[in-house]
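> First, the structure itself, so that you have it in front of you.
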Amino acid sequence: MTRRGLVLAIAKGRAEVLVGEELVDARFTGNMAHRRKHDIAVGDEVVLDGDWLAEVLPRRTRLSRPDPGDRTQERLIVANIDVIGIVAACRKPAFRRGLVDRLLVGVYRGGARPLIVITKQDLLRDRAKLEAELEAYRELEIEVILCSAISGEGLDRVRSAIHGQLSAFVGHSGVGKSSLLTALSGVAIATGEVRAYDGKGRHTTTRSQLHHLGDGTRIIDTPGVRSFGVGRIDYRQLAEGFPEIAEAAELCRWNDCKHAKESECAVKEAVGAGAIRAVRYKSYLRLLDELV
Ligand code: GDP
Ligand code: ZN
């Protein structure tokens with residue numbers, strides 16, 4: 001008998017799979033065992049044959065980061081997330097758009113829908129200044145929600161933005177992701193702790209939680225997803241992570257233009273004309289600098 005489930009944790013040779021309400025400790029079949037560990041990820045939809053993990057179904061979306069041991073390789077962090085909430089605080093820590101821009105590149109690349117959540121509104125001092133910072137994202141038709149886990153402001157909007165979807169929240173430590181999750185749900189299904197091996201053969205303990213908010217709304221919280229990076233990309237892929245730059249780049253006369261030092265570059269002209277915001281272009285240049 002085969003059944004389908006959702007991977008919540010991975011260890012050597014086996015995975016914890018949520019099938020309905022039941023958590024199954026599934027072993028890889030011979031066919032699966034030879035696949036490298038990072039070919040399966042939390043969020044993968046899988047087919048179980050009894051308690052054997054027989055097949056990983058095609059992924060809708062993916063979030064990756066560079067492999068710490070070999071930076072030319074990417075490691076998949078989580079699969080099939082529909083909505084990624086990029087979380088930043090309006091204060092404490094101060095809002096930094098560079099980080100939001102960086103995370104957006106990774107989200108676009110993996111195919112999930114981005115959502116920007118600005119927490120700690122109860123601490124907000126200068127709303128006009130914050131709104132001005134956020135305008136660039138609204139222009140890109142990214143939903144931006146201001147909220148507070150303390151006052152409860154904006155939580156209903158977050159709930160409706162992720163309604164019926166599988167979502168995850170990413171962002172710097174301390175911005176309020178855990179508090180947001182608790183405020184949104186309270187009910188979490190924790191997986192058993194899985195003794196896994198990291199790249200250096202050491203034992204590590206990874207733990208993922210799936211929060212059910214009802215009506216098919218699920219939030220996954222898994223190690224690594226909170227701090228994912230851009231991954232291994234080239235300058236073209238970087239431009240694709242900035243939709244307004246990608247659009248202007250189509251008019252660029254140079255086929256291999258990085259839109260940086262080149263003259264007669266359509267992207268730079270669009271920045272000069274105000275069609276691309278200077279702050280966004282600055283983020284692009286900073287990330288471009290890091291590529292090499
Ligand atoms: P995480 O590291 O992103 O998961 O952040 P936490 O949820 O652990 O929150 C970090 C700190 O910010 C904690 O001291 C929280 O109490 C505080 N915090 C979280 N959300 C809010 C909020 O909406 N308003 C205020 N004033 N503090 C918050
Ligand atoms: Zn160009």
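> Kindly indicate the residue of the stretch 75-92 that is surrounded by 21 or more Cβ atoms within 10 Å (Cβ to Cβ) and not in a strand (DSSP E or B) and also farthest from the chain's Cα centre (by Cα) among those meeting that condition.
Cys90
> Looking at Thr61, Thr72, can you tell me which residue is among the hydroxyl-bearing types (Ser, Thr, Tyr), within 22 Å of Gly224 (Cα to Cα) and open to solvent by 70 Å² or more (accessible area, probe 1.4 Å)?
Step by step, each of Thr61, Thr72 is checked, and only Thr72 is among the hydroxyl-bearing types (Ser, Thr, Tyr), within 22 Å of Gly224 (Cα to Cα) and open to solvent by 70 Å² or more (accessible area, probe 1.4 Å).
> Could you please give the count of residues in the stretch 146-186 that are in contact with a Ser or Thr (Cβ under 9 Å, 6 or more places away or on another chain) and more than 13 Å from Ile219 (Cα to Cα)?
13
> Residues that are on the phi < 0 side of the Ramachandran plot, open to solvent by 10 Å² or more (accessible area, probe 1.4 Å), modelled with pLDDT under 85 and not charged (D, E, K, R): does the stretch 93-110 have at least one?
There is no residue in the stretch 93-110 that is on the phi < 0 side of the Ramachandran plot, open to solvent by 10 Å² or more (accessible area, probe 1.4 Å), modelled with pLDDT under 85 and not charged (D, E, K, R).
> Only one of Leu18, Leu48, Leu8, Leu23 is outside any loop (DSSP other than H, G, I, E, B), more than 23 Å from Val225 (Cβ to Cβ) and either touching a strand residue (DSSP E or B) at 6+ places or on another chain (Cβ under 8 Å) or modelled with pLDDT of 90 or more (or both); which?
Exactly one residue qualifies, and that residue is Leu48.
> Does Cys252 qualify as being more than 16 Å from ligand 1 (Cβ to nearest atom), open to solvent by 10 Å² or more (accessible area, probe 1.4 Å), modelled with pLDDT of 90 or more and farther than 22 Å from Val24 by Cα?
Numbers: more than 16 Å from ligand 1 (Cβ to nearest atom): yes; open to solvent by 10 Å² or more (accessible area, probe 1.4 Å): yes; modelled with pLDDT of 90 or more: yes; farther than 22 Å from Val24 by Cα: yes.
Here the answer is yes, as Cys252 does meet what is asked.
> State which residue pairs qualify: first residue touching a residue at least 40 places away in the same chain (Cβ under 8 Å) and inside the stretch 263-279, second residue surrounded by 12 or more Cβ atoms within 10 Å (Cβ to Cβ) in any location, beta carbons under 6 Å apart, and separation of 6 or more residues or different chains.
Arg277/Ala136
> Give the stretch 230-264 a look and list any residue that's in a helix (DSSP H, G or I) and small (Gly, Ala, Ser), or say none.
The answer is Ala239, Ala246, Ala248, Ala249.
> I've got another one for you. Among the residues of the stretch 103-127 satisfying the criterion of being farther than 21 Å from Ile220 by Cα and among the basic types (Lys, Arg), which is nearest to ligand 1 (Cβ to nearest atom)?
Lys120
> Working only within the stretch 162-188, note down all residues that are open to solvent by less than 10 Å² (accessible area, probe 1.4 Å), aliphatic (A, V, I, L, M) and more than 14 Å from ligand 1 (Cβ to nearest atom).
Residues satisfying the conditions are Ile162, Leu166.
The values are calculated or read from the model by the stated rules, or taken from the named source; none is laboratory data. The structure displayed is predicted, hence computed values, not measured ones. FYI the Cβ positions are ideal-geometry reconstructions off the backbone, even for glycines, and counts take in every protein chain you see. Note: areas computed on protein heavy atoms with side chains; ligands, DNA, RNA excluded. Shrake-Rupley method; radii C 1.70, N 1.55, O 1.52, S 1.80 Å.
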